Amino acid sequence: MKYTDLNTPMRTIMTPGPVEVDPRVLRSMSTPIVGQFDPAFTNIMNEVMEMLREVFQTNNKWAFPVDGTSRSGIEALLCSIIEKGDKVLIPIFGRFGYLLTEICERYGADVHTIECAWGEVFDQQDIIDEIDKVEPKILALVHGETSTGCMQPLDKIGPACRKAGTLMIVDAVASIGGVNIKVDEWMIDAVIGGTQKCLSVPAGMAPITYNDRVEDIVQQRKKVELGISTNEDKQRELNRSLSFIQSNYLDISMLQDYWSPRRLNHHTEATSMLYALREGLRIILEEGLEQRFNRHLFHEQALITGIEAMGLELFGDRSAKLPTVTCIKVPTGIDSELVRSMLLQQFGIEIAKSFGPLEGKIWRIGTMGYSCRKENVLFVLGALEATLLYHHADIKPGKATTAALDFYTQNIQPSVSVV
Ligand SMILES: Cc1ncc(COP(=O)(O)O)c(C=O)c1O
């Protein structure tokens, strides 16, 4: 047989996603398949909705996963809300702001952007001033920008959006389950999370939640759709009209009908992924949200202590740092890709590079979900130091792991459930 058994190498994954999957989640994925309308399965769907509400810290009626990677959730929400010509304001502070822009443009939005330097975030008041100026129907923005390791404060923007009649849509793909995001308290209308990052579930689902303000728009568009969809010509005409939701797969009105007690058939649900998400969410709730956020901060601090003891410099505004991603400037004269390659080939450790203006200039180390553990932090610090010394980098030898060990022995770990 030309093709051998599947045999992937064991890796220590310290990227900003995908990260290591909790073994409990992997085990759950081998649970036998049941049909998508089997009560045994619809009960699992209901449990997942309940657990998602807790993780999103919301009382929203709607919280469910869209099948597809995180951008499927982003696109589902945006395409279900945006009608041609709608004004959308997008503050951009890294690569994923451009993703939002690109998606909104595809659905015919009149997109307005503001940008700040990569490595910085916006003053909330600047975004609020721009909302007053542009008067957008939608504000779409990223919470944790994985490309720069920065986190945009959001708490004041939601109330301003409410006042202005603007919908606030947040990409929390890199932060959900690792960093506090208070959906209801911060008055966010819709949020998209990612599975392959702080939830430590494989890529393939995008948990979303949205409130009545979003649902009202979606239902309104659906009424138009149902009203004249009896004849094909009219349907085609409607497809070209302003109001029709331009996707079948990602139409929130159809997805929510499937997730409602009516269980109207839409797609075939991704059974094993739902098992995985259920277990990932159960693990989070067992650990406790606050404990989990503190664990991410704790290991981030240990990592930073070791990086700085080595004499390396962090990239980006420290007051805006995303706790789950640490960006490190590549020292002068060092080829960033040679270092990454040695880490992978010799140590089995994967760290990430960045994009666009930061490509080759920084490394990104993720401390997310199941990957966010003491042995991973110590291992990556030791291996990075050895690799840099091998490449004759000007760093302080013998300091990184010792400094992190000092940190670990002098500070109490906030969580007992994850070592
Ligand atoms: C902040 C953010 N948004 C969106 C995405 C897109 O997610 P996916 O690749 O799962 O579609 C990513 C992926 O890394 C991300 O980090």
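Any chance the stretch 115-125 includes a residue that's in contact with a Lys or Arg (Cβ under 7 Å, 6 or more places away or on another chain) and open to solvent by 30 Å² or more (accessible area, probe 1.4 Å)? It would help to see each step written out before you state the result.
Going residue by residue through the stretch 115-125, those that are in contact with a Lys or Arg (Cβ under 7 Å, 6 or more places away or on another chain) are 124.
Adding the requirement that they be open to solvent by 30 Å² or more (accessible area, probe 1.4 Å) leaves none.
No, the stretch 115-125 contains no residue that is in contact with a Lys or Arg (Cβ under 7 Å, 6 or more places away or on another chain) and open to solvent by 30 Å² or more (accessible area, probe 1.4 Å).
Are any of the residues in the stretch 129-138 modelled with pLDDT of 95 or more, away from the ligand (no atom under 16 Å from the Cβ) and crowded, with 23+ Cβ neighbours inside 10 Å?
Going residue by residue through the stretch 129-138, those that are modelled with pLDDT of 95 or more are 129-138.
If we keep only those that are away from the ligand (no atom under 16 Å from the Cβ) as well, we get 129-138.
With crowded, with 23+ Cβ neighbours inside 10 Å added as a condition, the list becomes 136, 138.
Yes, the stretch 129-138 contains at least one residue that is modelled with pLDDT of 95 or more, away from the ligand (no atom under 16 Å from the Cβ) and crowded, with 23+ Cβ neighbours inside 10 Å.
Run Met205 past the list (1) buried (at least 24 other Cβ atoms within 10 Å of the Cβ); (2) closer than 26 Å to Cys327 by Cβ; (3) within 12 Å of the ligand (Cβ to nearest atom) and report the number of the one that doesn't hold.
(2)
Just to be sure before I move on: is Asp110 more than 16 Å from the ligand (Cβ to nearest atom), free of Cβ contacts under 8 Å to residues at least 24 places away in the same chain and surrounded by fewer than 21 Cβ atoms within 10 Å (Cβ to Cβ) in the structure I sent?
Values: more than 16 Å from the ligand (Cβ to nearest atom): yes; free of Cβ contacts under 8 Å to residues at least 24 places away in the same chain: no; surrounded by fewer than 21 Cβ atoms within 10 Å (Cβ to Cβ): yes.
When the stated conditions are applied, Asp110 does not pass them.
I'd like the full set of residues that are assigned to a loop (DSSP other than H, G, I, E, B), open to solvent by less than 10 Å² (accessible area, probe 1.4 Å) and over 19 Å from Pro39 (Cβ atoms), limited to the stretch 251-269.
Residue satisfying the conditions is Asp251 alone.
Determine which single condition Ala76 fails, assuming it passes every other condition in (1) open to solvent by 10 Å² or more (accessible area, probe 1.4 Å); (2) within 16 Å of the ligand (Cβ to nearest atom); (3) under 23 Å from Gly165 (Cβ atoms).
(1)
Got a sec? Which of Thr402, Thr367 is closer than 13 Å to Leu303 by Cα and open to solvent by 30 Å² or more (accessible area, probe 1.4 Å)? Even if it seems obvious, please write down each step before you answer.
Details: Thr367 fails: open to solvent by 30 Å² or more (accessible area, probe 1.4 Å).
After applying the criteria, what remains is Thr402.
Have a look at Tyr107, Tyr98 and point out the one that is more than 23 Å from Leu322 (Cα to Cα) and aromatic (Phe, Trp, Tyr).
Values: Tyr98 fails: more than 23 Å from Leu322 (Cα to Cα).
Of Tyr107, Tyr98, the one residue that is more than 23 Å from Leu322 (Cα to Cα) and aromatic (Phe, Trp, Tyr) is Tyr107.
When you scan the stretch 144-156, how many residues do you find that are within 12 Å of the ligand (Cβ to nearest atom) and either open to solvent by less than 20 Å² (accessible area, probe 1.4 Å) or modelled with pLDDT under 95 (or both)? First the steps, then the outcome.
Applying the first criterion (within 12 Å of the ligand (Cβ to nearest atom)) to the stretch 144-156 yields 144-152.
Next cut, either open to solvent by less than 20 Å² (accessible area, probe 1.4 Å) or modelled with pLDDT under 95 (or both) only: 144-150, 152.
Of the residues in that region, 8 qualify.
I'd like the residue in the stretch 157-195 that is closer than 20 Å to Glu300 by Cα and surrounded by fewer than 23 Cβ atoms within 10 Å (Cβ to Cβ) and, out of all such residues, is nearest to the ligand (Cβ to nearest atom).
Top of the filtered list is Val179.
Determine whether Ile307 is farther than 20 Å from His143 by Cβ, modelled with pLDDT of 95 or more and assigned to a strand (DSSP E or B). Talk me through it step by step, then tell me what you get.
Details: farther than 20 Å from His143 by Cβ: yes; modelled with pLDDT of 95 or more: yes; assigned to a strand (DSSP E or B): no.
Criteria not met by Ile307.
In a strand (DSSP E or B) and of a type in the set (Gly, Ala, Ser) - does that describe any residue in the stretch 154-171?
no
The values are calculated or read from the model by the stated rules, or taken from the named source; none is laboratory data. Remember, it's a predicted structure, so these values are computed and weren't measured experimentally. Using ideal geometry, Cβ is built from the backbone for each residue, glycine included, and neighbour counts are taken over all protein chains shown. Ligands, DNA and RNA are excluded from the accessible area calculation, which covers all protein heavy atoms including side chains. Shrake-Rupley method; radii C 1.70, N 1.55, O 1.52, S 1.80 Å.
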